[in-house]
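Report on the following structure.
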Amino acid sequence: MSSWTVKIREFGMRTLPPEQLLPDSQPAYMTSAVYLFGALTIGALVVLLLSGTILALKGPSWWHVQSLGHFFNSVHLWAVELFFFFMVCHLWGKYWMAAWRGGRARVWMSGVVCFLVAIPCAFTGYLSQQNFDSQWIATQGKDGLNSLGVGAFFNPLNFGQMYSYHVFLLPLAVVTLVGGHILLVRRHGIVPPIPLSEGDPARPA
Amino acid sequence: MATGAPSTVRRQESMGALVNLNNSPYYVHLDFFRMSVANLVVIGLMLVVFALAVSLRAPGAKRSRRPK
């Protein structure tokens, strides 16, 4: 009887062999810039995590006052702008490719969940700024959240709770989901282009 | 925040935004539709970048040969 470590290893090797997890070539149809948006989103996420770690280490009195603090505060802001910018372009590209074809429904849905979880992650970031902007957003947002009935356990006016969500719980969820999304992409492969119909002039004879 | 010695003020101004961010934001308001110009610019940029990514060949990509 094999141990649980062996079972997990055998499951991993069976579902995602190393040559599929880290391939040395990709299909020819991937030589298009539209396939870069996913990687650009991951790049922005890495910058977000690094700049956010530095901001968490130094604290609000640093990012609001010191020049270097302003710099990393701005890097964090523009990284999240680019994160959503590229993620939306990635979403558009995959939507028009109908990327859920060929048994890729889980790949598509995991991407959707990533997007949905990233939104409150950014929202709690705006609440964690520690300035008038965050106070304004918190007081406006609480009414909407209370109308949904979630204000009792997700309170934008509770800075400690929002900061915990922003620096730990939601980034952990986003990174986990993105990691799962990438593994599913590796498992099922990049979706091929939609085949041209019979009689289409662009279709090779 | 422009405080401190004049040289500090000049340096901060030279590194400022391309547009004056101290004014009230501009909005496009048509009936039920209301959105800041800044957000519209971002959406427009996303559309432009997406259109370029779809239409332009990727660097290093070879043109496919079609039978004549």
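Values quoted throughout were computed directly from the atomic coordinates according to the rules given, and no laboratory measurement underlies them. Keep in mind that this is a model prediction, so the values were computed, not measured. Cβ: placed from backbone, ideal geometry, glycine included. Neighbour counts: every protein chain shown.
Once the C-beta distance of residue B:20 and residue A:8 is scaled by a Förster radius of 51 Å, the resulting FRET efficiency is 0.30 to the nearest 0.05.
Pairs of alpha carbons in the stretch A:37-160 separated by more than 19 Å make up 58% of all such pairs. With respect to chain A, whose longest principal axis is taken over its alpha-carbon atoms, helix A:4-15 is tilted by about 60°. Candidates A:63, A:84, A:199 compared by Cα position along the dipole of chain A: farthest toward the positive end lies A:199, with charges placed on Cβ. The long axis of helix A:37-58 is offset from the longest Cα principal axis of chain A by roughly 30 degrees. Which percent of the Cα-Cα distances in the stretch A:33-80 go past 11 Å? Tail of the P(r) past 11 Å holds 64 percent of the pairs. Taking only alpha carbon atoms, the stretch A:1-102 gives an Rg to Rh ratio of 1.17, where Rh is the Kirkwood radius.
Along its first, second and third principal axes, ordered by size, the stretch A:98-192 spans 48, 25, 21 Å in Cα coordinates.
Length gained on full extension, residue A:16 to residue A:142: 41.0 nm, using 0.36 nm per residue less the C-alpha separation. Going from the residue with the fewest nearby Cβ atoms within 10 Å to the one with the most, A:90, A:64 rank A:64, A:90. Over the protein assembly as shown, the ratio between the Cα radius of gyration and 2.2 N^0.38 Å evaluates to 1.25. Helix A:67-97 and the longest principal axis of the Cα set of chain A meet at an angle near 30°.
If R0 equals 41 Å, the separation of the Cβ atoms of residue A:26 and residue B:40 corresponds to a calculated FRET efficiency of about 0.70.
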